[in-house]
Amino acid sequence: MQKHPPEPFRIKMVEPIHLITREERQKAMLLAGYNLFSLKAQDVFIDLLTDSGTGAMSQHQWAAIMAGDESYAGASSYYRLKQTMQNIFGFEYFVPTHQGRAAENILSVILVKPGDIIPSNMHFDTTDANIRARGGNPANCVNKEAFIIHSSSPFKGNMDLEALEQLIRSTEPEQIPFGCITITNNAGGGQPVSLQNIKETAALYHRYGIPFFIDCCRYAENCYFIKQREPGYAEKSLLEIAHEIFSVADGAFMSAKKDAIVNIGGFLAMRDADLFQKVSNELILREGFVTYGGLAGRDLDAMAVGLLEGLEEEYLAYRTGQVAYLAQKLLDVGVPVIEPAGGHAVYIDAGNYLSHIPHQDFPGQALAAALYLEGGIRGVEIGSVMFAHPDPQTGKMNFPELELVRLAIPRRVYTQSHLDYVVEILTQLSRQKISIHGYRITYEPPLLRHFTAHFEPLG
Ligand SMILES: Cc1ncc(COP(=O)(O)O)c(C=O)c1O
């Protein structure tokens, strides 16, 4: 197999993109309060803000959209999705949701009480916030290797089982209504979790009677890494690996905007009939009837097809190869990135790259802003803007271990020359990085502040 296989598709529809001038970019940033989420997308040249909902759907998905059944209840689109869900995940019950956080919200509303603890390897921002919104405490038990930037460890998303057991033992059993694992670990470099670790995590939760849910929005990339890296799986199909993963879980929630390559969609799946009843009631209140969630029938059809396309080995070889290509090129020009490359994104170690900017001045935010100003590239800060929280007891700020800028690669969207351009811009930035300054927050909401905060440059 080639290291970076070419695209297993050709392009038959194109979307023009433009690089506006530096002066226009400066003006756009000022207007956006230096928050990249507030930019107009048309002012962005290469948009690596997220891989969520930004993929290019295939001709088969677009064809399936035309067959969407828009009946309010019992649409055939729902039954087509149900069959695919059964085929891949095998849970007895599921509801569609409009995206991942809707599933997280429903689960949290039903199961999380104030003071509860919800462990995971690492919760992503919306899961973290949905738990906090119900008074719960998200707890991250990822293994220490996740924080070592340069490492050849194949499964840096693994749960630290000792830390997890210690946490469970030091908590009242009824205070952990469910436990999670996120595959791949988006907040920690898009790193995969091994099947052995998933099984051991499931066994540990179950030993203490805790239901086990998988945040599986990038499960297909995780399956591909298991096949490549974990002894005993090279000859298994990705579908067989998926079966093995989900067979040990009590449920899963997914933002289908990732590995199902749709622009909108998600689900919450489970085995427990009582929980399904409660989930259905909550879904009807907030999202829609149980056979469509917050989606149109056509969205369910696009998802049913995309779930299978996202699990194709040829596609995943190209996709993970493309991410590895960008990571290697950046390392070649001296930009520190998390190694090995993750499944969906390259993570620049901004704390190290801009070591003259301390945590409290947001080095990740500074680098993300500089990338846009220099080359019209939009990445996202995954560091103190996103994850620093005051300690509930002392009020002292807890900063995350790493200050990262994530360059997420949308699925089937950008070519190698787009990625070469990103490398060129970072090479240019490296020559002048000492002149990059930090930022100060001038407005922030109480939860998920990175989406809407306003910033001011320091100096
Ligand atoms: C690991 C993980 N979980 C959950 C979500 C939330 O999904 P959504 O954006 O569809 O609400 C994301 C989105 O990026 C994610 O990466």
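Quick one: in the range 39-69, which of the residues that are of a type outside the set (A, V, I, L, M, F, W, C) and within 16 Å of the ligand (Cβ to nearest atom) is farthest from Ala296 (Cα to Cα)?
In this case the residue turns out to be Asp47.
Since Arg406 meets every condition but one in (1) under 22 Å from His450 (Cβ atoms); (2) of a type in the set (Lys, Arg); (3) part of a helix (DSSP H, G or I), which condition does it not meet?
Every condition holds for Arg406 apart from (3).
Which condition breaks for Ile226 when tested against (1) crowded, with 24+ Cβ neighbours inside 10 Å; (2) in contact (Cβ under 8 Å) with a residue 40 or more places away in the chain; (3) away from the ligand (no atom under 11 Å from the Cβ)?
(2)
Quick one: is Asn130 in contact (Cβ under 8 Å) with a residue 12 or more places away in the chain, more than 10 Å from the ligand (Cβ to nearest atom) and crowded, with 24+ Cβ neighbours inside 10 Å?
Taking the combined requirement at face value, the residue does not satisfy it.
Quickly run through the range 1-51 and pick out the residues that are in contact with a strand residue (DSSP E or B) (Cβ under 7 Å, 6 or more places away or on another chain) and either polar (S, T, N, Q) or part of a loop (DSSP other than H, G, I, E, B) (or both).
Let us first name the residues in the range 1-51 that are in contact with a strand residue (DSSP E or B) (Cβ under 7 Å, 6 or more places away or on another chain), namely 33-36, 39, 41, 44-51.
Residues satisfying the conditions are Gly33, Tyr34, Asn35, Leu39, Val44, Phe45, Leu48, Leu49, Thr50, Asp51.
Could you pull out the residue among Glu221, Glu244, Glu282, Glu240 that is in a helix (DSSP H, G or I) and within 15 Å of Glu104 (Cβ to Cβ)?
Of Glu221, Glu244, Glu282, Glu240, the one residue that is in a helix (DSSP H, G or I) and within 15 Å of Glu104 (Cβ to Cβ) is Glu282.
Could you tell me which residue of the range 292-313 is surrounded by the fewest Cβ atoms within 10 Å (Cβ to Cβ), considering only residues that are at pLDDT 95 or above and under 16 Å from Leu268 (Cβ atoms)?
Taking the range 292-313 first, the residues at pLDDT 95 or above are 292-293, 295-313.
Checking the rest, the ones that are also under 16 Å from Leu268 (Cβ atoms) come to 292-293, 295, 299-300, 303, 307.
Values: Tyr292: 27, Gly293: 28, Leu295: 29, Asp299: 23, Leu300: 30, Met303: 29, Leu307: 26.
Ranking the candidates gives Asp299 first.
Can you name every residue in the range 133-153 that is within 15 Å of the ligand (Cβ to nearest atom) and either of a type in the set (Lys, Arg) or touching a Pro at 6+ places or on another chain (Cβ under 9 Å) (or both)? Let's see the steps before the verdict.
Step one: of the range 133-153, the residues within 15 Å of the ligand (Cβ to nearest atom) are 133, 138, 140, 142, 146.
Hits for the range 133-153 are Pro138, Asn140.
For a quick check of your reading of the model, give me the residue pairs whose first member lies in the range 237-262 and is hydroxyl-bearing (Ser, Thr, Tyr), whose second is within 15 Å of the ligand (Cβ to nearest atom), with beta-carbon atoms closer than 6 Å and at least 6 apart or on different chains.
Final answer for the pair search is Ser255/Gln99; Ser255/Gly100; Ser255/Cys217; Ser255/Gly266.
Conditions: (1) touching a strand residue (DSSP E or B) at 6+ places or on another chain (Cβ under 9 Å); (2) farther than 20 Å from Ser430 by Cα. Glu401 meets all but one. Number of the miss?
Going through (1) touching a strand residue (DSSP E or B) at 6+ places or on another chain (Cβ under 9 Å); (2) farther than 20 Å from Ser430 by Cα one by one, Glu401 breaks only (1).
The values are calculated or read from the model by the stated rules, or taken from the named source; none is laboratory data. Here the structure is a predicted model, which means the values were calculated and not measured. Cβ atoms come from the backbone with ideal geometry, glycine included; neighbour counts cover every protein chain shown.
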